[in-house]
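Asks: Submitted below is the structure of interest, expressed as structure tokens.
The values are calculated or read from the model by the stated rules, or taken from the named source; none is laboratory data. If you're wondering where the values come from, they're calculated on a predicted model, not measured in any experiment. As a convention, Cβ positions derive from the backbone with ideal geometry for all residues, glycine included, and neighbour counts pool all protein chains shown.
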There are 2 protein chains.
Amino acid sequence: LQASAKAHSNMALIKYWGKRDETLMLPHNSSFSVTLDALYTTTTVAFDAALDHDILILNGREAEEKAKLKVSRFLDIVREMAGVNIHAKVTSQNSFPTGAGLASSASGFAALACAASKAAGLDLDGKALSMLARRGSGSACRSIYGGFVEWQKGVKLDGSDSYAIPVASPEHWPLSLLIATVSDKQKKISSREGMAKTVATSPFYNSWLNTIEEDLAQAKAAVQNRDLDTLGKVAERNALRMHATMLSADPPFLYWQKGTIAVIREVESLRESGIPAYFTIDAGANVAVLCEPSHAAQIKEKLLRLREVQNVIVSGPGPGVTLL
Amino acid sequence: LQASAKAHSNMALIKYWGKRDETLMLPHNSSFSVTLDALYTTTTVAFDAALDHDILILNGREAEEKAKLKVSRFLDIVREMAGVNIHAKVTSQNSFPTGAGLASSASGFAALACAASKAAGLDLDGKALSMLARRGSGSACRSIYGGFVEWQKGVKLDGSDSYAIPVASPEHWPLSLLIATVSDKQKKISSREGMAKTVATSPFYNSWLNTIEEDLAQAKAAVQNRDLDTLGKVAERNALRMHATMLSADPPFLYWQKGTIAVIREVESLRESGIPAYFTIDAGANVAVLCEPSHAAQIKEKLLRLREVQNVIVSGPGPGVTLL
């Protein structure tokens, strides 16, 4: 009745933005990501008949009510699948500092899905694990696999065709991603809220959806060909279009800070000086820079020189979720 | 054969973004602006049979080739209208420093249209002047009138229904506009080029056009009612959607600098503290802040405290073009 798992975070190169079902976490569009070896979560789940409520220890301390509720609801799904009805103690540790502006929900729910299902006696394959992780946080479904991963949006109402599939292994292409954190402020608008506002009010949202299939096909082909220029340009185009849908919402909203622009301009200037570097920006102010591993140290140094950059984490493609 | 005119710049609250005819300067969408009393251009045109080419003196020095060519082509239109075929000396002076990141084409071509047509013996009314100024720079057609001005896009191929009309006088509403300059760098992509790229490649452009009529109606009603909250919110929404069309172009482009975000965030924080302030951003990095005159000094001080803000010019609604 106890199991532990380790899962890595992922960075979307074709972004997930907008849900067609808030409960089942079904997206309006397919997405594509790279799993990150530098950022991971290790989680232990122990079901225990002696407990009268679920316990969540996050990075060594008892978690806030909101996080506890989210995890308990997720455990309810696992309990129902396994026919188990006892509470659990969940102990979860991130490899990266909390409050560093780095989202831990993808690695967190991927690790939790793996550990909780195993502890409950289930033996789920990758597809089932991906669908389960998706229920905790959409992007977590991609962290089940390592390397380059596609989340196929699916069309069915019950979500049974909405899960991730591996596209290329981490070894296929040791691309570097530099995650520049520029703000540790709590986001005023959560991703969930931002997506909902965008879907409901942006006149550009349908046009955004129409761009995805072509971008996704180009991104996957670029990964197969290890073509950084093509992948980088598609990633920039897709990320900026996602942010454009937020700017066009009513009322508009904007996750960027000064540092976001500073990193964008630095990437432009690197490229002008002949160093291939491309950026992507999640629903937040931080910027991830894609480059060849041979340029990573030099680019990290450049980014750290920017006044608004607090930290730069260098990562390569990481592995999928594993039981410990 | 000589005349002088003075015209004021204007700030669009509903932006002009995209041409349906590059030669006649016909826009895809109607726009709405306030003429600015603090920023103006004074221009003298003297047709002189002794000249063997046009001369352009801009802010006391001979202008660059590109500006000279633009003015000569504009004078050709006036010469054809008036049946005059001699060259002219044009002397033009802006009230604001060049290179301050402030566009002078609106006030410049409005003053030139007025002075050149008069010097050539034409006696044009407001509508004809507006259509003429439009040929030099689209937004110049709005600077013919003072106060709050609408540029009706028109639908005719010859542009004969594409001109500005006055909506409310400067005295109707002494709104303040604070223009915060954050960058004196030359824009890498001119407005003309940016519009053309957007029209050609943005999947969001048609949706942008579909938003204009409603925003325009709301903005005009807000001016009639002197309703700063409604006008400010429409202006922000419209400006951010214009910038969203650029972010969605292929390849994407972005006029913003760090200071752009700094001013946006300052405006948000002013509003949170109960001071009504709203922003708009032209095709560049500078930000204009709308507020009640009673708050202008306080907001100016706040903006000047931001590291990235170089200068703040306070303006009210200004008059239309006048012969001197």
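Asks: Right, residue B:201: over 26 Å from residue B:111 (Cα atoms), within 11 Å of another protein chain (Cβ to nearest Cβ) and touching a helix residue (DSSP H, G or I) at 6+ places or on another chain (Cβ under 8 Å) or not?
Replies: Criteria not met by residue B:201.
Asks: Quick one: which residue in A:167, A:84 is touching a Gly at 6+ places or on another chain (Cβ under 8 Å), of a type in the set (A, V, I, L, M) and closer than 20 Å to residue A:213 by Cβ?
Replies: Only one candidate passes the filter, namely A:167.
Asks: If residue B:307 satisfies all but one of (1) in contact (Cβ under 8 Å) with a residue 12 or more places away in the chain; (2) within 28 Å of residue B:169 (Cα to Cα); (3) within 11 Å of another protein chain (Cβ to nearest Cβ), what's the number of the condition it fails?
Replies: (2)
Asks: Looking only at region A:72-97, how many residues end up being outside any helix (DSSP H, G or I) and of a type outside the set (Ser, Thr, Tyr)?
Replies: Qualifying residue count for the region: 12.
Asks: Can you tell me which residues in region A:135-152 are part of a strand (DSSP E or B) and touching an Asp or Glu at 6+ places or on another chain (Cβ under 8 Å)?
Replies: Listed by number, the list holds a single entry, A:152.
Asks: Considering A:249, A:222, A:239, which residue is within 12 Å of chain B (Cβ to nearest Cβ) and in contact with a helix residue (DSSP H, G or I) (Cβ under 6 Å, 6 or more places away or on another chain)?
Replies: Exactly one of A:249, A:222, A:239 is within 12 Å of chain B (Cβ to nearest Cβ) and in contact with a helix residue (DSSP H, G or I) (Cβ under 6 Å, 6 or more places away or on another chain), namely A:249.
Asks: Take the residues in region A:261-292 that are out of contact with any helix residue (DSSP H, G or I) (no Cβ under 7 Å at 6 or more places or on another chain) and facing chain B (nearest Cβ under 10 Å); name whichever of them is farthest from residue B:182 (Cα to Cα).
Replies: A:268
Asks: Still on this structure, please answer the following. Whether any residue in region A:98-106 is part of a helix (DSSP H, G or I) and either among the polar types (S, T, N, Q) or under 28 Å from residue A:311 (Cβ atoms) (or both) is what I want to check. If you could, list the steps in order and put the result at the bottom.
Replies: Step one: list which residues in region A:98-106 are part of a helix (DSSP H, G or I), which gives A:105-106.
With the extra rule that they be either among the polar types (S, T, N, Q) or under 28 Å from residue A:311 (Cβ atoms) (or both), the set shrinks to A:105-106.
Yes, that holds for at least one residue.
Asks: What are the residues in region A:149-163 that are β-branched (Val, Ile, Thr) and in contact (Cβ under 8 Å) with a residue 24 or more places away in the chain, if any?
Replies: A:149
Asks: Just to verify a result, which residue in region B:214-256, among those that are under 26 Å from residue B:190 (Cα atoms) and of a type in the set (D, E, K, R), is surrounded by the fewest Cβ atoms within 10 Å (Cβ to Cβ)?
Replies: The residue in question is B:250.
So that you can scan it fast, the table gives a plain yes or no per residue for (1) closer than 30 Å to residue B:291 by Cα; (2) touching a helix residue (DSSP H, G or I) at 6+ places or on another chain (Cβ under 9 Å); (3) crowded, with 17+ Cβ neighbours inside 10 Å; (4) at pLDDT below 95:
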{"position": "B:6", "(1), (2), (3), (4)": "yes, yes, yes, no"}
{"position": "B:23", "(1), (2), (3), (4)": "no, yes, no, no"}
{"position": "B:73", "(1), (2), (3), (4)": "no, yes, no, no"}
{"position": "B:78", "(1), (2), (3), (4)": "no, yes, yes, no"}
{"position": "B:91", "(1), (2), (3), (4)": "no, no, yes, no"}
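Asks: Right, something else. So in region B:179-198, with the set limited to residues that are assigned to a helix (DSSP H, G or I) and within 14 Å of chain A (Cβ to nearest Cβ), which one is farthest from residue A:245 (Cα to Cα)?
Replies: The qualifying residue farthest from residue A:245 (Cα to Cα) is B:197.
Asks: Wholly within region B:226-324, which strands (runs of 3 or more DSSP E) include no fewer than the required count, namely at least 2 residues that are closer than 30 Å to residue B:43 by Cβ and within 22 Å of the chain's Cα centre (by Cα)?
Replies: Fully inside region B:226-324 and qualifying: B:287-291, B:311-315.
Asks: Being within 24 Å of the chain's Cα centre (by Cα) and of a type in the set (Asp, Glu) is the filter here; which residues of region A:44-99 pass it?
Replies: Residues satisfying the conditions are A:62, A:64, A:65, A:76.
Asks: For region A:256-287, give me each residue that is touching a residue at least 60 places away in the same chain (Cβ under 8 Å) and in contact with a Leu (Cβ under 8 Å, 6 or more places away or on another chain).
Replies: Within region A:256-287, A:259, A:262, A:263, A:280, A:286 qualify.
Asks: What about residue A:110, is it closer than 30 Å to residue A:224 by Cβ, among the hydrophobic types (A, V, I, L, M, F, W, C) and modelled with pLDDT under 95? Even if it seems obvious, please write down each step before you answer.
Replies: On the way: closer than 30 Å to residue A:224 by Cβ: yes; among the hydrophobic types (A, V, I, L, M, F, W, C): yes; modelled with pLDDT under 95: no.
When the stated conditions are applied, residue A:110 does not pass them.
Asks: A further question on this structure: Assuming residue B:170 fulfils every condition listed in (1) touching a residue at least 40 places away in the same chain (Cβ under 8 Å); (2) closer than 15 Å to residue B:243 by Cβ apart from one, which condition is it?
Replies: For residue B:170, the failing item is (2).
Asks: Regarding residue B:126, is this residue over 23 Å from residue B:35 (Cβ atoms), touching a residue at least 60 places away in the same chain (Cβ under 8 Å), out of contact with any Pro (no Cβ under 6 Å at 6 or more places or on another chain) and away from chain A (no Cβ under 14 Å)?
Replies: No, not satisfied.
Asks: Is it the case that residue A:174 is under 24 Å from residue A:286 (Cα atoms) and more than 18 Å from the chain's Cα centre (by Cα)?
Replies: For residue A:174, the condition - under 24 Å from residue A:286 (Cα atoms) and more than 18 Å from the chain's Cα centre (by Cα) - is met.
Asks: Hey, another quick one. Kindly list, by first and then second residue, each pair from a residue in region B:216-233 that is in contact (Cβ under 8 Å) with a residue 24 or more places away in the chain to a residue that is in a loop (DSSP other than H, G, I, E, B) and not charged (D, E, K, R), limited to pairs with Cβ atoms under 6 Å and residues at least 6 apart or on different chains.
Replies: The qualifying pairs are B:216/B:30; B:226/B:173; B:228/B:276.
Asks: Of the residues B:299, B:264, B:275, only one is touching a strand residue (DSSP E or B) at 6+ places or on another chain (Cβ under 8 Å) and closer than 27 Å to residue A:208 by Cβ; which? Let's see the steps before the verdict.
Replies: On the way: B:299 fails: closer than 27 Å to residue A:208 by Cβ; B:275 fails: closer than 27 Å to residue A:208 by Cβ.
Result: B:264 is the single residue among B:299, B:264, B:275 that is touching a strand residue (DSSP E or B) at 6+ places or on another chain (Cβ under 8 Å) and closer than 27 Å to residue A:208 by Cβ.
Asks: Within region A:8-35, can you find the residues that are part of a strand (DSSP E or B) and either among the small types (Gly, Ala, Ser) or within 21 Å of residue A:200 (Cβ to Cβ) (or both)?
Replies: Scanning region A:8-35 gives A:9, A:12, A:19, A:20, A:21, A:26, A:27, A:31, A:33.
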